[in-house]
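The values are calculated or read from the model by the stated rules, or taken from the named source; none is laboratory data. Not measured: the values here are computed from a predicted model. Quick reminder, even Gly has a Cβ in these numbers, built from the backbone with ideal geometry, and neighbours come from all protein chains shown. With ligands, DNA and RNA removed, areas are computed over all heavy atoms of the protein, side chains included. Shrake-Rupley method; radii C 1.70, N 1.55, O 1.52, S 1.80 Å.
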Amino acid sequence: MRRDSGSYSGVRSVRTRIEADGGSRGNPGPAGYGAVVFDDESSVLAERSASIGVATNNVAEYQGLIAGLTAALDLGATEAEVRMDSKLVVEQMSGRWQVKHPSMQSLAREARELVGKFDRVTFEWIPRELNKHADRLANEAMDAAEDRPTPTRWTGAKGKPTRMLLLRHGQTAMSVERRYSGRGEPPLTPLGEHQARAAAARLSAMDSVDGSTPIVSSPLGRTRQTAQAVADATGGQVTMHDGLIETDFGRWEGLTFAEAAERDPDLHRRWLTNASVPAPGGESFDTVFNRVRTTMDDLIATHGGRTIVLVSHVTPIKSLLRFALDTGPSLLYRLHLDLASLSIVEFYPDGNASVRLVNDISHHHPDERGE
């Protein structure tokens, strides 16, 4: 969840006040942050809030600070007075306490890089009762995280699961060149077509798959081609779901990693470490995660208790695995998914989940796997 309010034009002063907060219900547990940017007359210029999956209180606090600093910079601020009820973050950012925990070091480094873009930033600890606005936003974000069923730990799954066979599309020319490929329409290469047929043969040989098994695809051409290969092998039919579409990479569409980093170095660096940061003119990974969560609910409501084949892209498949594993956004950056790879996850009616397989490409010939 991300919200922006207030005017981004007509800022009356380069001086701003940032109030930020974050929290975790379980520490670690469902976490979220909130940040508010005020002008020097205490008028609200911007609000930011987001659910960040499973994280600790300190991670959420830092994410709130980063969101607040980013919002103030977007407003054109050159000075900021940061007020937080996290003693740890205030003391670490003021340089009085060391940042010892590895998970905090990267967040503190990102926050300091943002601080360096201002002419002046001060940090002040305030009691929680004086940080009510940001605290409310953070709690709303945590509420949103808790409203959806999360498999907190394995307690013995009950009921018949919905078994999702998650298939990534085959190779395209964009994947060969390792370019960001979101909403574009590159077709499968001949190798990609072969990969799709090999994956289809693998799926059709499974005991749980037959002509009645639903095949649901992203609407993009490369996934539709791959899904059709599955339908040809099983005798099934393909339906589309817009929620399975790949991330919108905006102005980075078609660029390589290096080209995007050279074009927008600061933004690209933040995008790689903060799932709430959108690509320029595109989506954030948090947005994709929330979209895929809604899609998952739709699919379970329609096909609950059955086996279904989902043909999609890297980020939506990782998002489904992230939800099943009950992990934070770091999974998006640490998990690799090959082209035409198969992953399997089961979602149970009681909220439990079981990941059965991840990134299996045993159905490919070793010389024909591609990149």
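Only one of V358, V309 is hydrophobic (A, V, I, L, M, F, W, C) and open to solvent by 30 Å² or more (accessible area, probe 1.4 Å); which?
On the way: V309 fails: open to solvent by 30 Å² or more (accessible area, probe 1.4 Å).
Just a single option satisfies the conditions, and that option is V358.
For the stretch 84-135, enumerate the residues that are open to solvent by 20 Å² or more (accessible area, probe 1.4 Å), in a loop (DSSP other than H, G, I, E, B) and among the polar types (S, T, N, Q).
Residues satisfying the conditions are S94, Q98.
Any residue at all in the stretch 41-50 that is open to solvent by 10 Å² or more (accessible area, probe 1.4 Å) and among the aliphatic types (A, V, I, L, M)? Before the answer, list the steps.
Of the stretch 41-50, the ones open to solvent by 10 Å² or more (accessible area, probe 1.4 Å) are 41-45, 47-48.
From what's left, among the aliphatic types (A, V, I, L, M): 44-45.
Looking for residues that are open to solvent by 10 Å² or more (accessible area, probe 1.4 Å) and among the aliphatic types (A, V, I, L, M), one finds at least one in the stretch 41-50, hence yes.
With (1) in contact (Cβ under 8 Å) with a residue 60 or more places away in the chain; (2) among the polar types (S, T, N, Q); (3) out of contact with any helix residue (DSSP H, G or I) (no Cβ under 6 Å at 6 or more places or on another chain) as the list, and T226 as the residue in question, which single condition is left unmet?
(3)
Given (1) touching a Lys or Arg at 6+ places or on another chain (Cβ under 7 Å); (2) modelled with pLDDT under 90, where does D135 come up short, assuming only one miss?
(2)
Given the conditions (1) assigned to a strand (DSSP E or B); (2) buried (at least 23 other Cβ atoms within 10 Å of the Cβ), report the number of the one that T239 does not fulfil.
Unmet condition: (2).
Considering the stretch 52-66 alone, what residues qualify as being open to solvent by 10 Å² or more (accessible area, probe 1.4 Å) and part of a helix (DSSP H, G or I)?
Listed by number, the residues that qualify are N57, N58, V59, E61, Q63.
Hey, can you tell me all the residues within the stretch 263-286 that are surrounded by 17 or more Cβ atoms within 10 Å (Cβ to Cβ) and small (G, A, S)?
Once the filter is applied, which keeps residues that are surrounded by 17 or more Cβ atoms within 10 Å (Cβ to Cβ) and small (G, A, S), the stretch 263-286 yields A275, S276, A279, G282, S284.
Kindly check whether there is at least one residue in the stretch 250-261 that is open to solvent by less than 20 Å² (accessible area, probe 1.4 Å) and closer than 26 Å to D298 by Cα.
No, the stretch 250-261 has no match at all.
Can you find, within the stretch 193-228, the residue that is surrounded by the fewest Cβ atoms within 10 Å (Cβ to Cβ) among those that are assigned to a loop (DSSP other than H, G, I, E, B) and under 24 Å from the mean Cα position of the chain (by Cα)? Give the derivation first.
Filtering the stretch 193-228 down to residues assigned to a loop (DSSP other than H, G, I, E, B) leaves 205-214, 218-220.
From the residues that got through so far, the ones that are under 24 Å from the mean Cα position of the chain (by Cα) too are 218-220.
Working: S218: 23, P219: 13, L220: 23.
The selected residue is P219.
May I ask you to list the residues in the stretch 162-190 that are over 23 Å from T247 (Cα atoms) and either at pLDDT 95 or above or surrounded by fewer than 22 Cβ atoms within 10 Å (Cβ to Cβ) (or both)? Spell out how you get there, then give the answer.
Pass one, the stretch 162-190, residues over 23 Å from T247 (Cα atoms): 162-163, 190.
Of everything in the stretch 162-190, those that are over 23 Å from T247 (Cα atoms) and either at pLDDT 95 or above or surrounded by fewer than 22 Cβ atoms within 10 Å (Cβ to Cβ) (or both) turn out to be R163, P190.
Answer yes if at least one residue in the stretch 50-70 is over 22 Å from S330 (Cα atoms) and among the acidic types (D, E), and no otherwise.
Our first condition is that a residue be over 22 Å from S330 (Cα atoms); within the stretch 50-70, this holds for none.
No; the residues of the stretch 50-70 include none that is over 22 Å from S330 (Cα atoms) and among the acidic types (D, E).
Select from the stretch 229-265 the residues that are of a type in the set (D, E) and over 26 Å from the mean Cα position of the chain (by Cα) and list them in ascending order. Steps first, please.
Going through the stretch 229-265, the residues of a type in the set (D, E) turn out to be 232, 242, 246, 248, 253, 259, 262, 264.
Of everything in the stretch 229-265, just one residue is of a type in the set (D, E) and over 26 Å from the mean Cα position of the chain (by Cα), namely D232.
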